[in-house]
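The values are calculated or read from the model by the stated rules, or taken from the named source; none is laboratory data. Not measured: the values here are computed from a predicted model. Every residue, glycine as well, gets a Cβ built from its backbone with ideal geometry; the counts of neighbours run over all protein chains shown. With ligands, DNA and RNA removed, areas are computed over all heavy atoms of the protein, side chains included. Shrake-Rupley method; radii C 1.70, N 1.55, O 1.52, S 1.80 Å.
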Amino acid sequence: MFIELTEILRCPRGHAESYLVAAPIAMDGRRIVRGVIGCPECRAEFPIVDGVAYFAERPAAAAGAAVPAYDAAALAAFLNLSGPGGYVVLVGTAARAAAGLAAAVPGVHLVAVNPPPGTTGGPALSVLVAGSLPVRTAAVRAVALGADHASPAWLREGARILLPGLRLAVEDERAAPDGIAELARGAGLFVGSRTG
């Protein structure tokens, strides 16, 4: 996990948003390989093992959701990504585009939440396992939700963490997230931008 990612993380427990503190045990450059993330508010601790931050146990994969066909360049266009800086969150099956997206948009840090098995972090990719998005409200420049995470709860979370005016892509064209203005719908995808 990229150490600077701590600046946008929040405790997933049911209290007011509060910052988290990282206590690295082993580092590889700017990446925490082993350590703990702690919440000063509720004293919860979340382990970092092999570079993966665990805010929950790995959820079982959702079955039956068809994954639309698109490549990393298309995802960068859907999310209106150009230029370096900021964080982009890829949830579930959407994280399969991480390597291509890192190459297409250098200088953007990617955060894969509950990615497909075998996804590993690196200099441009942090991996989190969580039951919700442990990210502060209005903190990221784009979110892509995979077909396996296109439920109403994940749609709310995706909309919550987006900065106003920036984009959410969902691998489910039936998606209708609150607080997101529709920009495009079809071919298995919904794309919108956060209002207000």
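Here are some notes:
- Accessible-area rank, largest first, for S132, S126: S132, S126, with all protein chains present and a 1.4 angstrom probe.
- FRET efficiency, 1/(1 + (r/R0)^6) with R0 22 Å, evaluated for E7 and R34 via beta carbons: 0.65
- Rounded to the nearest 500, the 222 nm mean residue ellipticity of the chain from helices alone is -3500 deg cm²/dmol, with -39,500 (n - 2.57) taken per DSSP H run of at least 4 residues.
- Taking the longest Cα principal axis of the chain as reference, the axis of helix 152-161 is set at about 70 degrees.
- Annotation for segment 1-76: trypsin sites (Lys or Arg not before Pro) lying in DSSP loop with at most 16 further Cβ atoms inside 10 Å of their Cβ are R13, R30, R43.
- Low-density loop positions, chymotrypsin sites (Phe, Trp or Tyr not before Pro), segment 1-63 - DSSP coil, at most 16 other Cβ in 10 Å: Y19
- Prolate/oblate/rounded call for segment 1-105, Cα gyration tensor, a/c under 1.5 rounded: prolate
- Whole-Å distance, taken between Cα centres, linking segment 12-39 and segment 87-101: 21
- Normalising the Debye intensity of the chain to I(0), with uniform scatterers on Cα atoms only, and taking log10 at q = 0.07 Å⁻¹ returns -0.17.
- Taking Cβ separations below 4.7 Å as the criterion for a possible disulfide partner, the isolated cysteines in the chain are C42.
- Normalising the average separation of contacting C-alpha pairs (under 8 angstrom, six or more residues apart) by the number of residues puts the relative contact order of segment 2-92 at 15 percent.
- Accessible area per residue in Å² at 1.4 Å probe, computed on the chain: 44
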